[in-house]
Amino acid sequence: MENNGQPRQSELHEIIDKEILNNGGEWASDPNCEGATGMTMFDLPNSQDNLISVLLPMNKIKDIGAHSIVEIRSRSTANGGDGKIYRGIVVAGPFHDPDGIRADAPILISTTINGAIFLPNFHGRVLVELLGELNEDAIMPPRFRPLPNSPVFVLDKEETANVLNVQGNVSLGQAIGHDSIDVCIPADKKVVLPRHTGILGTTGGGKSTTVSGLIDQFQKEGIATILIDTEGEYTHMDKATEAGNMKKLLSKRGIDPHGIENIKVYYPFGRETRADESTPSSEFNLKFSNLSPYAAADILGLTEAQFSRFIKIYDAAKLILRDLGIYPTRQQQNEVLDYDEFESGYPHITLSLLIDIAGLVLEKISVGFEWHVHNNFIRQGKQAIAKRIEVVAKGTDSETSWKALLGKLGQLNRTKMFDRQDDADIPYTELVKAGTVSIFDLSDSDSTLVNNIVIANLLRGVQQVQEAAYEDAIAKSKSPTPVVIIIEEAHEFLSKERINKMSNLFEQVARIARRGRKRWLGLMFVTQLPQHLPDEVLGLINSFVLHKINDATVVSRLKRSIGGVEESLWNKLPNLAQGQAIVSTPSLTRPLLVAMHPTPCKLLMVD
Ligand SMILES: Nc1ncnc2c1ncn2[C@@H]1O[C@H](COP(=O)(O)OP(=O)(O)OP(=O)(O)O)[C@@H](O)[C@H]1O
Ligand SMILES: [Mg+2]
């Protein structure tokens, strides 16, 4: 038995076998781990909720990249685990760590700087953010963490697209960091567009390219698009792009350059348009009576004294219209009861009527001043309305405020935007027809005042007809036509400095935004100066396409308004190439970095 005090070979085997048996039998590779790219690691004191370190053998590092979507199968219950399955996304790495030695070990540093080759074996490491726990096909917010030493698998293209939820009928571009995954939005569902969109980025970032490409697809999907084009750069969208780089990019994606169909350009009465003669176009004019007196006062920037006088003449105008038998007629009595002065203007009130009334009041209170009446019916009815003028004039003696008000109304009148021709009012019902693209070319207006009045009018007018069209479609069990209004240079309309002074106008926009969600009216704000957009406006927006933004203060403000974008994506924002964007929408599982599609149609240069 004894062999120099050592066990014999057969005895040795017996002892080892016993040891193996005591420890649970022969080791077998866990079938759950087969084909795994990596394994989860233990946590460290600086580990964060929702973030997991995953280690990869050297030969698997190439299989996983930034933004890869992975499945983590926590160890099975048989192996003392909980058997939960998690989905996650790589948010940092892949990093390379040497095996068995620290990366900053002196020997590694000194050999490297001296040009000698000392390359220990190494492994890969990625940081995975948990997207959720898989619970019968649905992904739920995770309550636990995958256990250490759980296998990690990279999902294939199709599964990845499913997890990211990039499906939809309108394609934005290709996800960067994935192999040809198209990022789409469901433009036929209420989840994205009617919850409003912001397309933001510095000049030259790619906003107009994105916008025009979207309009092309909206048109094909039967959406009615209305675009406020302050520079006229979209007025040639009915033609194919001529830009060499766009053509090259398009051919890579198998798309032929083409113009957008069913385009009509509208431009202010008496102004120029940048559209070609071959492009369908028509002049338009606004009805002052479409504009809420409060919104009008905001846009005019009336002082308190001017505002109270403005409301007085507005009220007097209503009475005068009634006195002279113009409005309401007997049949229209009920209409008047429904009138909401915060929503729209009073029927038949024109800017020139208000100017006449203000002029007559001034005539009343200032000695030697004579007002030349513009409107025939006022001239003829001067006696009949004298008492109305007297009531307004009574108790006001400040000529200055009246003159100032008259000056501002006169300034607005000189824009010639109002009440010019009966047949030139914006044909709102045409604008909300399926597949129409209406471009409002304001390039010749030279005036933010005019642009803002047009936008306020359009928003209000379109909302009104869309509500009716929506109700009508529902009543007939038809699917309503989606409508999108795109506002270029949105910061000029809703700027931070002005919003405090324009609370009525903003309230109106906010109301339209809220109601638009239910009645399929989406607003899209485009701006190169997001710093001028107030938080209130950002608060209305649920989807963002963020092209390059290099102003750090703007980025930190956007961070507060847009949730779910991880730090590593924010860090990329200042360095994005032209056409790249961070896209965050309610339909996507998480915000993605996207190479936006090139545009098939022609854009004009802005000088
Ligand atoms: N999706 C894209 N793919 C490739 N290149 C693009 C893309 N979008 C834009 N570009 C390039 O960037 C240029 C500027 O794009 P675009 O006019 O759309 O920017 P913008 O943000 O609208 O600028 P601005 O603020 O001056 O109006 C284009 O002429 C084109 O060369
Ligand atoms: Mg542009």
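The values are calculated or read from the model by the stated rules, or taken from the named source; none is laboratory data. All of these numbers come straight from a predicted model, not from anything done at the bench. We place every Cβ from the backbone using ideal geometry, glycine too, and count neighbours over all the protein chains shown. Quick note on the areas: whole protein, heavy atoms, side chains included, nothing else; ligands and nucleic acids left out. Shrake-Rupley method; radii C 1.70, N 1.55, O 1.52, S 1.80 Å.
Scanning the stretch 142-149 turns up one or more residues that are touching a residue at least 40 places away in the same chain (Cβ under 8 Å), among the aliphatic types (A, V, I, L, M) and more than 16 Å from ligand 1 (Cβ to nearest atom).
How about the stretch 176-227: which of its residues are of a type in the set (D, E, K, R) and either under 13 Å from the mean Cα position of the chain (by Cα) or outside any loop (DSSP other than H, G, I, E, B) (or both)?
182, 195, 207, 216, 220, listed by residue number.
Residues that are assigned to a helix (DSSP H, G or I) and either at pLDDT below 85 or open to solvent by 40 Å² or more (accessible area, probe 1.4 Å) (or both) are absent from the stretch 340-354 altogether. Inspection of the stretch 414-427 identifies at least one residue that is open to solvent by less than 60 Å² (accessible area, probe 1.4 Å), part of a helix (DSSP H, G or I) and not assigned by TED's automatic domain parsing to the domain that holds residue 326.
Does the stretch 174-197 include one or more residues that are within 16 Å of ligand 2 (Cβ to nearest atom) and touching a strand residue (DSSP E or B) at 6+ places or on another chain (Cβ under 8 Å)?
Checking the stretch 174-197: at least one residue is within 16 Å of ligand 2 (Cβ to nearest atom) and touching a strand residue (DSSP E or B) at 6+ places or on another chain (Cβ under 8 Å).
Could you please let me know if residue 534 is more than 30 Å from residue 478 (Cβ to Cβ), more than 16 Å from ligand 1 (Cβ to nearest atom) and touching a helix residue (DSSP H, G or I) at 6+ places or on another chain (Cβ under 8 Å)? Against the criterion (more than 30 Å from residue 478 (Cβ to Cβ), more than 16 Å from ligand 1 (Cβ to nearest atom) and touching a helix residue (DSSP H, G or I) at 6+ places or on another chain (Cβ under 8 Å)), residue 534 qualifies.
Please tell me if residue 108 is open to solvent by 30 Å² or more (accessible area, probe 1.4 Å) and in the same structural domain as residue 159 (by TED's automatic domain parsing). Reasoning before the result, please.
Values: open to solvent by 30 Å² or more (accessible area, probe 1.4 Å): no; in the same structural domain as residue 159 (by TED's automatic domain parsing): yes.
Taking the combined requirement at face value, the residue does not satisfy it.
Within the stretch 319-343, being farther than 30 Å from residue 509 by Cβ and touching a residue at least 60 places away in the same chain (Cβ under 8 Å) holds for 319, 320, 323, 324. Restricting 539, 564 to residues that are away from ligand 2 (no atom under 16 Å from the Cβ), in the same structural domain as residue 240 (by TED's automatic domain parsing), surrounded by fewer than 20 Cβ atoms within 10 Å (Cβ to Cβ) and on the phi > 0 side of the Ramachandran plot narrows the list to 564.
Restricting the stretch 580-607 to residues that are away from ligand 1 (no atom under 16 Å from the Cβ) and part of a loop (DSSP other than H, G, I, E, B), the residue that is most open to solvent (accessible area, probe 1.4 Å) is 589. Evaluated against (1) surrounded by fewer than 16 Cβ atoms within 10 Å (Cβ to Cβ); (2) touching a Ser or Thr at 6+ places or on another chain (Cβ under 8 Å), residue 574 falls short on exactly one condition, (2). Do the conditions hold for residue 121, that is, is it within 26 Å of residue 80 (Cα to Cα), loosely packed, with under 14 Cβ neighbours inside 10 Å and of a type outside the set (Phe, Trp, Tyr)? In short, no. The number of residues in the stretch 567-605 being more than 16 Å from ligand 2 (Cβ to nearest atom) and either more than 17 Å from residue 203 (Cβ to Cβ) or assigned by TED's automatic domain parsing to the domain that holds residue 127 (or both) comes to 21. When 230, 235 are screened for being open to solvent by less than 30 Å² (accessible area, probe 1.4 Å) and either modelled with pLDDT under 95 or outside the structural domain of residue 442 (by TED's automatic domain parsing) (or both), only 230 passes.
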